[in-house]
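Notes for the one structure printed next.
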Amino acid sequence: AGGANGATFNWGHVVDLESRVAETDVAMNRPGYLANAATRAWLRKTQRGPDMGFILEGKVQDEPLNSWPLLVSNNVPKNLSKGTSNGICSSLIFSGDWSELLVAQFGELDVIVDPYTFASTATVRITINQFVDIAVRQPKAFSIMEDGLTA
């Protein structure tokens with residue numbers, strides 16, 4: 001937790017996320033971080049400390065964060081709230097073993113072709129559904145900060 005109203009991401013938060021997982025004796029089989037684009041941008045602009053390099057440096061395709069891979073997905077929220085920080089908090093997630101995150105697919109890809117709804121415009125409507133669920137097999141393999149300020 002960053003504080004009553006969230007906290008600006010800093011180097012200490014990055015290290016703490018990893019340390020909390022390491023303290024649980026989870027094997028570091030597939031370690032790494034997950035963040036959204038706003039958090040990545042903030043980490044690129046923020047120094048580790050006075051006269052030190054930025055928290056995140058390197059090429060976009062090969063950018064380690066605290067020596068571990070950082071993956072970016074805008075499915076990671078950046079509009080969370082805490083205290084007076086309404087809709088401006090982001091998440092940063094670390095896992096010592098991402099194989100502890102299970103993604104299950106149910107059934108096959110469902111494709112529905114509808115030639116009737118937009119027939120007057122000679123358009124075919126296609127709807128595709130995929131049913132999946134996500135579960136965490138071992139919660140102590142993950143550490144998350146959901147109140148990081150990047151604005």
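The values are calculated or read from the model by the stated rules, or taken from the named source; none is laboratory data. Note that the structure is a prediction, hence the values are computed from the model and not measured. Because the Cβ atoms are built from the backbone with ideal geometry, glycine has one as well, and the counts that use them run over all protein chains shown. Only protein heavy atoms, including side chains, enter the accessible area calculation; ligands, DNA and RNA are left aside. Shrake-Rupley method; radii C 1.70, N 1.55, O 1.52, S 1.80 Å.
Some values worked out for this structure:
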| item | result |
| --- | --- |
| Note, ³J(HN,Hα) from phi for the stretch 10-26, Karplus 6.51, -1.76, 1.60, rounded to Hz, x at Gly and Pro | 9, 4, x, 5, 4, 5, 4, 4, 5, 4, 4, 6, 4, 5, 8, 6, 6 |
| Cut-off under 5 Å, modelled amide H: who pairs with residue 65 long-range | 70 |
| Once the Cα gyration tensor of the chain is diagonalised, semi-axes √(5λ) in Å | 36, 21, 16 |
| Distance (nanometres) between label positions extended 7 Å along Cα→Cβ at residue 81 and residue 41 | 2.3 |
| Percent carbon-and-sulfur accessible area, the chain, ignoring ligands, DNA and RNA, probe 1.4 Å | 54 |
| Pairwise FRET efficiency - residue 28 versus residue 110, Cβ, R0 = 41 Å, nearest 0.05 | 0.60 |
| Built amide H within the under 5 Å cut-off of residue 147, gap 5+ | 2 |
| Nearby aspartates and glutamates by direct alpha-carbon distance to residue 82 (threshold 18 angstrom, same-chain neighbours under 8 apart not counted) | 146, 147 |
| The chain: relative contact order as a whole-number percent, Cα under 8 Å and 6+ apart | 32 |
| Per-residue HN-Hα couplings for the stretch 137-143 [Karplus 6.51, -1.76, 1.60; θ = phi - 60°; Hz; x = Gly/Pro] | 6, 9, x, 5, 7, 10, 9 |
| For residue 46, distant residues with modelled amide H under 5 Å away | 55, 56 |
| Whole-number accessible area per residue in Å² for the chain, which is evaluated in the context of all protein chains at 1.4 Å | 62 |
| Over the chain: helical MRE at 222 nm, DSSP H runs n ≥ 4 each giving -39500 (n - 2.57), nearest 500 | -4000 deg cm²/dmol |
| Karplus-derived 3J(HN,Hα), 6.51/-1.76/1.60, for each residue of the stretch 35-51, Hz, glycine and proline x | 8, 9, 5, 5, 5, 4, 4, 4, 5, 6, 9, 10, 7, 5, x, x, 6 |
